[in-house]
Amino acid sequence: MKKKIYLAMLAVCFALTASACGDGGAVITDGTKTEGAADGKKAETGTTRLVSVENVEKYITIGEYKGLTLDNTVDAITDDDVQAQIDEDLKDKAEPVSDAAKEGDLVTVNYTGTKDGQTFDGGTANNYDFVIGDGQMFEEFENGVIGMKKGDTKEIKIDFPSDYADETLAGEEVIYKVTVQNVRREGELTDEWVAKNTDYTTVDDYRESIRSELEKNAKESAQEVLKNTAWSTVLENSEVKEYPQEDVDKAVSEFKKSMEVYAKQADMTLEEFTDSQGISQDDFDEQCQQYAEGKVKQNLIVQGIMDAEGLSLDDKESLQLQDKLVEQMGVSSIAELVGTYGQDYVDESVGLLRVEEFIIKNASVSEKVANGDVLADDADAVAENAEQDSDQNVSDEDTDDSGQDNSDVDENLEEELGTEDVDQSE
């Protein structure tokens, strides 16, 4: 478990160097376009660079990044998706009631569990929320809360199954003393509920707003996937010839400083911290090197493409990306962003976003709509294909290998034998 915590920290540190946050505003075309100066000449290279070397080509062979064939696949939003979001909203805005709890209610409880009259680890909680009937708690526990009102206290007996994961409780009887703190109930979706809880006045308007928001989110998610795919394609097809040592050393130092922050929070030295996570010094040094090489490879590719295409971290487009980054990171200014994450993080993030946009602008991108595993060129087509697949699946289930429809065979046989009401568990 400790090593998992450490590896999660490692992933966070690397994610900060490979941040592609933001909606790129890419221009989707059927062919390829080259971004640059109007006269076809390279724009003037900026002074801010991501690597210490001038001749990037000496250190890396960059994979093809213009003319890629990519799909921009947007998930179709179905009526079920809209209803699921509405159900969540109804649950989130559940209101307190004074009557007895029933299935579907959101209840808040305090409970203390005892085994043989003694409390045990993990058996006590305060202000614990769960929905009766969702299966979050043992069925006996949920059923025991049914009928209780706010302020009621009762004891509920639970017989833990013999195969329960915690061996100290497996097969044991536990008594929970439960006090209900609150009972909340979902409202009914009506125009009145909509007017009270949303910015809309009718169910139809509210439902349409949910659909629009889900569609917007789907498009933004698809754009993120498109950018990641574009970048991953170039990254995987690029090969480092030699790592510039100055950049690697800087990245290793950066990684160690990040880990020292975590160690300090745990009131440990770096060596004590890695040891507590079950990480040997050799493993730690190897992970430092992997982090550094991954970061340097990324920066070499980004800087190489920017050099080749006359892009710059100091040009108008990159400054606009800085503004987007500020907004998406939830800070008030670029100064705050730099103060929190450092100038290198900002430069690397903007550079990666800039290059991703360039790759997409110069790619052949096909627009697709997805409904589960079904793909099509537009929403109507994907809905039709999904319906056909569903009909085919039903047909396959009801037909045996001989092609005979057997959907009613079992039912008819039961009627003939008079066994349709027999309890099979007997």
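Values as computed for the structure displayed
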| read-out | value |
| --- | --- |
| Net charge over other residues, Cβ less than 12 angstrom from the Cβ of residue 290 (K, R count +1; D, E count -1) | -2 |
| Rg followed by Dmax, in Å, when the stretch 95-185 is reduced to its Cα trace | 13.1, 39 |
| Charge context of residue 167, other residues only, Cβ under 14 angstrom, K/R +1, D/E -1 | -3 |
| Net charge, residue 181 excluded, C-beta distance under 14 Å - Lys, Arg +1, Asp, Glu -1 | +2 |
| Amide hydrogen neighbours beyond the local backbone of residue 124, cut-off 5 Å, H modeled | 113 |
| Derived scalar couplings ³J(HN,Hα) [the stretch 179-187; Karplus, 6.51 cos²θ - 1.76 cosθ + 1.60; whole Hz; x for Gly, Pro] | 10, 7, 8, 6, 10, 10, 10, 5, x |
| Label-point separation in nm, residue 64 to residue 220, each point 7 Å along Cα→Cβ | 3.4 nm |
| Peptides ranked, highest mean first, by Cβ atoms within 10 Å: ranges 164-177, 307-320 | 307-320, 164-177 |
| Vicinal HN-Hα couplings computed from phi for the stretch 211-218 (Karplus, 6.51 cos²θ - 1.76 cosθ + 1.60; Hz; Gly/Pro x) | 4, 4, 5, 5, 5, 4, 4, 5 |
| Per residue, in Å², the accessible surface of the stretch 95-185 once ligands and nucleic acids are set aside, probe 1.4 Å | 58 Å² |
| Other-chain or far-sequence residues with amide H under 5 Å of residue 368's (modelled H) | 72, 73, 74 |
| Carbon + sulfur, % of accessible area of the stretch 95-185 - ligands and nucleic acids excluded, 1.4 Å | 40 percent |
| Accessible area of residue 296 in the full protein assembly, 1.4 Å probe (Å², nearest 10) | 10 Å² |
| Table column - 3J(HN,Hα) (Hz), the stretch 348-357, Karplus curve with 6.51, -1.76, 1.60, x for Gly and Pro | 5, 5, 5, x, 5, 4, 4, 6, 4, 4 |
| Computed label-point distance, nm, for sites residue 324 and residue 87 using a 7 Å Cα→Cβ extension | 3.5 nm |
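The values are calculated or read from the model by the stated rules, or taken from the named source; none is laboratory data. In this text, all values refer to a predicted model and were calculated from it rather than measured experimentally. Backbone-built Cβ (ideal geometry, glycine too); neighbour counts: all protein chains shown. For the accessible areas, the whole protein counts, side chains as well, though only heavy atoms, and no ligand, DNA or RNA atoms are used. Shrake-Rupley method; radii C 1.70, N 1.55, O 1.52, S 1.80 Å.
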